[in-house]
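The values are calculated or read from the model by the stated rules, or taken from the named source; none is laboratory data. As the structure is a computational prediction, the values presented were derived from the model and not from experiment. Don't worry about glycine lacking a Cβ; one is built from the backbone with ideal geometry, like all the others, and counts go over all protein chains shown.
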Amino acid sequence: MAGADIDYRIALISMLSLLTGIRAFFRVRTRTLRERIFSDRAERGLNALWVALGTPLLASVFAFIFEPGMVTWSSFPLAPPLRWAGAALGLTAVFLILEVHLELGANFSPTLRLLPDHSLVTTGLYRWVRHPMYSSYFLLFAGAGLLTANWLIGGTGLGIIISQMTIRVPREERILQERFGGAHGVYAAATGKFFPRIRPW
């Protein structure tokens, strides 16, 4: 059992290391390394919520990796195949995040703003989903919760991304609608917000 626990910890470290490398690379590439994610006054509440959820998330992740005994109180029993399914889901999410970054290119910014030469991306993953970055992070945190079999890690992570999906995304869509007008309206009518639309035959 101890050997399996080490394997889960190594899988989590690998997943998070890949994610950190991808994010750092693209923030350097787009010169947004120093941009704050929530720089808008209207997002101060979201920033506070993120701190409230992010602090226990980071603490529990570090505890799971280095001192797993500290977070046994928030763990739950889960069969190994489901935990490895969580690892696969999380790794898939990391590669989806990489793909989203590649498709956004110079349009990427962690701040809720449009660049002067911003373009409406409708190819790749954006062909089916308007906000695949958020969807990918949702899958990532769900996978991390399963991999660690820890409701604190999964719950706080999902809380962060769901709060952004419900609070930030509507503002993002309004900004896109103001910039791209009818083109964004047509695009929005044909795609799902976070997951592909299921159309009847």
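Assess whether Thr156 counts as being within 30 Å of Trp73 (Cβ to Cβ), in a helix (DSSP H, G or I) and free of Cβ contacts under 8 Å to residues at least 12 places away in the same chain.
no
Every test in (1) closer than 19 Å to Ile97 by Cβ; (2) surrounded by 16 or more Cβ atoms within 10 Å (Cβ to Cβ) is passed by Lys193 save one, and that test is (2).
Within region 112-137, if we keep just the residues that are within 19 Å of the chain's Cα centre (by Cα) and at pLDDT below 90, the residue that is nearest to Leu16 (Cα to Cα) turns out to be Leu112. Taken together, the residues in region 163-201 that are in a helix (DSSP H, G or I) and either among the acidic types (Asp, Glu) or in contact (Cβ under 8 Å) with a residue 24 or more places away in the chain (or both) amount to 18.
Here region 145-186 is the region considered, the condition is being of a type in the set (Ser, Thr, Tyr) and closer than 16 Å to Ser135 by Cβ, and the residue that is surrounded by the most Cβ atoms within 10 Å (Cβ to Cβ) is Ser163.
If you scan region 26-45, which residues turn out to be farther than 21 Å from Gly105 by Cα and either modelled with pLDDT of 75 or more or part of a loop (DSSP other than H, G, I, E, B) (or both)? Listed by number, the residues that qualify are Ser39, Asp40.
Of the residues making up region 51-109, those that are under 16 Å from Tyr8 (Cα atoms) and either in contact with a His (Cβ under 8 Å, 6 or more places away or on another chain) or not in a helix (DSSP H, G or I) (or both) are Glu67, Ser75, Phe76, Pro77, Leu78, Ala79. Within region 123-153, the residues that satisfy the criterion of being touching a Pro at 6+ places or on another chain (Cβ under 9 Å) and of a type in the set (Gly, Ala, Ser) are Gly124, Ala149. Close Cβ contacts (under 9 Å, 6 or more residues apart or on different chains) running from residues in region 10-36 that are farther than 28 Å from Leu147 by Cβ to residues that are surrounded by fewer than 16 Cβ atoms within 10 Å (Cβ to Cβ) and of a type in the set (A, V, I, L, M) comprise Arg29/Ala106; Thr30/Ala106; Leu33/Ala24.
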